[in-house]
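To start, the structure under review is shown below, and the notes come after it.
The values are calculated or read from the model by the stated rules, or taken from the named source; none is laboratory data. Everything quoted here is computed from the prediction, not taken from an experiment. For neighbour counting, all protein chains shown are included, and Cβ atoms are generated from backbone atoms with ideal geometry for every residue, glycine included.
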Amino acid sequence: MTTSTIPEQGSLAARQIGREELRGVVSEVVRQTSVIDIHTHLYAPQFGELNLFGIDSLLTYHYLIAELFRSSAITYERFWTMSRSEQADLIWQTLFVENSPISEATRGVITVLNAFGLDTAAPDLEEARAFFAERNVLEHLDQVLTLSGVSDVVMTNDPFDPQEVEVWESSIGLDQRFHAALRMDRLLNDWENAAPKLQTLGYQVDRNLDGQTASEVRRFVDRWIDRMQPLYMAVSLPDDFKYPDNNARDRLIREVVLPVARDHKLAFAVMIGVRRHVNPALRMAGDGLGRADVGALVRLCAENPDVRFLATFLSRENQHELCVAARKFSNLMPFGCWWFLNASSIISEITSERIELLGPSFIPQHSDARVLEQLIYKWEHSRGLIAEALGTAYEQLLSSGRAITNAEIARDVKRMFSGNFCTWAGLPRESE
């Protein structure tokens, strides 16, 4: 499976960039360079109701649900009895009318509304609802991808999800701009429940991982790789993740995931640091984070030099150690500012730190979007911050006595926005 054609920036005649024009050139290159969004929770239109878009979906995003309860006296119980449109109305009234939308998540909604020419200070959602209700789904998708500068979207695909399975098994053709990532969470983090599910599907597995369990799980994974053609395998791991460990997850990683990664030449993406259900009353919005052991990832990389790892951590405190680990292991690719790190001040810090320690050999961002229009704000906000960090790095380079050309800037940005991922996913790069 190959990505759709990533638009060329055009032929650049190399010329040196002076200090006075540097920031402007960097900003323009970053703005115009197409990006492969390597981790989202979006779905191609062919997945039907799993493909979320529109104002009600934007406002009932779990980031905003969590914020609501800091500014409203409504109880959890009452909120969850409301319809989605009622929830959206309450969130808009509370966070956008009665309070200024200055958090990253609320400002993101404002950025989206502004991109479509909608009233960002409207007293209610009447205009926005009418606008999205009239949209043609495919035309709307095209516009969102154009506005966000995203050429390709990598989904998160769970082979245990019955809604997804129905679409995959229908053999319907998916929009070629959407690509699969095989999510391993239920298999690795919830083996107690995954095992009986596999048994009902006809796989001869044992909860104690005895007998032919590993080979049968491998057969299940191979089947879904053949069907989905994923660009990588992925798992979200808790902050107390250990490697090595004496549990089912460790054995499945060693006996299934790593051999699959080698045989299929698939990268393994690990997203480490989540604490699930710290406040169960918030449901999906109730997860937290914890500082994790980067040493577990280091051991994975050291023991498996022939496996490519994508890695991101949820805790800010883990970021420097991740950068240092990436300097030591060429099979490790840091990516994105995940979840609670997706805030302007933290993105700036992490991106600058990575540039200083890794040069352009990392993937600066992914959207983690669950609602289509979030691509607009997450990439608009991030592009500005990435351009600022790169501008500083190039200014320092000039001060040290090395000229920089516009072609070199374009090369670096393209590598960070798509080239590094293409290498990790085993995809042909545009110049090949």
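Quick notes on this structure:
- Residue match in the stretch 99-108 (condition: within 26 Å of residue 337 (Cα to Cα), touching a Ser or Thr at 6+ places or on another chain (Cβ under 7 Å) and touching a residue at least 12 places away in the same chain (Cβ under 8 Å)): yes
- Applying the criterion of being under 19 Å from the mean Cα position of the chain (by Cα) and part of a helix (DSSP H, G or I) to the residues of the stretch 60-70, the residue that is surrounded by the fewest Cβ atoms within 10 Å (Cβ to Cβ) is 62.
- Lone unmet requirement of (1) in contact with an Asp or Glu (Cβ under 6 Å, 6 or more places away or on another chain); (2) crowded, with 19+ Cβ neighbours inside 10 Å for residue 419: (1)
- Single residue of the stretch 215-231 satisfying the filter (of a type in the set (Lys, Arg) and out of contact with any helix residue (DSSP H, G or I) (no Cβ under 7 Å at 6 or more places or on another chain)) that is surrounded by the most Cβ atoms within 10 Å (Cβ to Cβ): 219
- The residues of the stretch 362-390 that are closer than 22 Å to residue 424 by Cβ, assigned to a loop (DSSP other than H, G, I, E, B) and either of a type in the set (Asp, Glu) or touching a helix residue (DSSP H, G or I) at 6+ places or on another chain (Cβ under 7 Å) (or both), listed by number, are 362, 364, 365, 367, 368, 369.
- Qualifying positions in the stretch 82-109 - in a helix (DSSP H, G or I), polar (S, T, N, Q) and closer than 22 Å to residue 287 by Cβ: 87, 94, 106
- Tally of residues being surrounded by 14 or more Cβ atoms within 10 Å (Cβ to Cβ) and not β-branched (Val, Ile, Thr) across the stretch 11-27: 4
- Per the conditions (1) crowded, with 17+ Cβ neighbours inside 10 Å; (2) on the phi > 0 side of the Ramachandran plot, the sole criterion not satisfied by residue 307 is (2).
- Verdict on residue 346 being β-branched (Val, Ile, Thr), crowded, with 17+ Cβ neighbours inside 10 Å and either in a helix (DSSP H, G or I) or at pLDDT 95 or above (or both): no
- Condition check for residue 183: in the same structural domain as residue 290 (by TED's automatic domain parsing) and either more than 22 Å from the chain's Cα centre (by Cα) or surrounded by fewer than 17 Cβ atoms within 10 Å (Cβ to Cβ) (or both): no
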